[in-house]
Amino acid sequence: MTEAASSTTSQGVLRVGASRWLAVTAAVVVLDQWSKWLVTTHFDEFDSIVLLPVLEFMRLHNEGAAFSFLAGASGWQRWVFVSLGIGVSIVLTIWLTRLPRRGQGLLAAALSLVIGGAIGNVIDRIRYGHVVDFIRVHYEQWYFPAFNVADSAISVGAALLILDSLLNHGGD
């Protein structure tokens with residue numbers, strides 16, 4: 001049976017494409033939620049432990065988006081960010097399932113990481129009303145905004161999307 005034939009049903013076209021990459025998405029969600037469970041179980045908000053002179057774990061709650069954008073809003077932002085995260089995850093999952101089974105691994109990995117990160121943070125917003133951040137990188141008095149596993153997956157996924165675009169469309 002050919003790949004094209006294995007992707008169809010008698011009801012119409014069912015594309016599975018690169019959906020096997022959804023295992024990466026699931027791994028990101030599990031790792032993100034497990035790490036946040038550890039932090040919320042062992043730390044109160046603002047408790048911290050120094051791991052290295054430039055790295056610490058500190059439990060923080062972010063009611064906003066990246067870099068605490070809209071954190072001071074009256075609460076409406078929670079459901080906007082939940083809706084946005086769910087919407088983006090659906091669109092990217094459809095994109096992922098429409099990719100060929102082989103040949104676009106970098107793009108598939110990127111989409112899987114972004115989806116996993118978005119879902120991880122959506123779970124927090126629904127459960128707690130905020131995202132649990134805990135990784136703080138700093139140098140002397142300069143602090144990078146706190147982040148978590150989901151944020152890291154989104155950032156790496158976005159970088160891979162840019163890299164894939166440059167590699168595949170750079171000469172166009």
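The values are calculated or read from the model by the stated rules, or taken from the named source; none is laboratory data. Treat the numbers as computed from the prediction; the structure is a model and nothing was measured. Because the Cβ atoms are built from the backbone with ideal geometry, glycine has one as well, and the counts that use them run over all protein chains shown.
Assorted remarks:
- The range 23-60: number of residues that are of a type outside the set (D, E, K, R) and either part of a helix (DSSP H, G or I) or at pLDDT below 95 (or both): 18
- Checklist (1) surrounded by fewer than 20 Cβ atoms within 10 Å (Cβ to Cβ); (2) of a type in the set (D, E, K, R); (3) under 22 Å from PRO53 (Cα atoms) applied to ASP133, failing item: (1)
Residue-by-condition table, conditions (1) at pLDDT 95 or above; (2) under 26 Å from LEU167 (Cβ atoms); (3) out of contact with any Phe, Trp or Tyr (no Cβ under 7 Å at 6 or more places or on another chain):
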site	(1), (2), (3)
PHE69	no, no, yes
VAL88	yes, yes, yes
LEU106	yes, yes, yes
ALA118	yes, yes, yes
VAL122	yes, no, yes
GLY129	no, no, yes
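- Residue in the range 141-162 that is surrounded by 20 or more Cβ atoms within 10 Å (Cβ to Cβ), more than 11 Å from the chain's Cα centre (by Cα) and within 15 Å of ARG59 (Cβ to Cβ) present: yes
- Close Cβ contacts (under 9 Å, 6 or more residues apart or on different chains) running from residues in the range 85-106 that are under 23 Å from GLY120 (Cα atoms) to residues that are among the hydroxyl-bearing types (Ser, Thr, Tyr) and modelled with pLDDT of 95 or more comprise SER89/THR25; LEU92/SER112; THR93/THR25; LEU96/THR25; LEU96/SER112.
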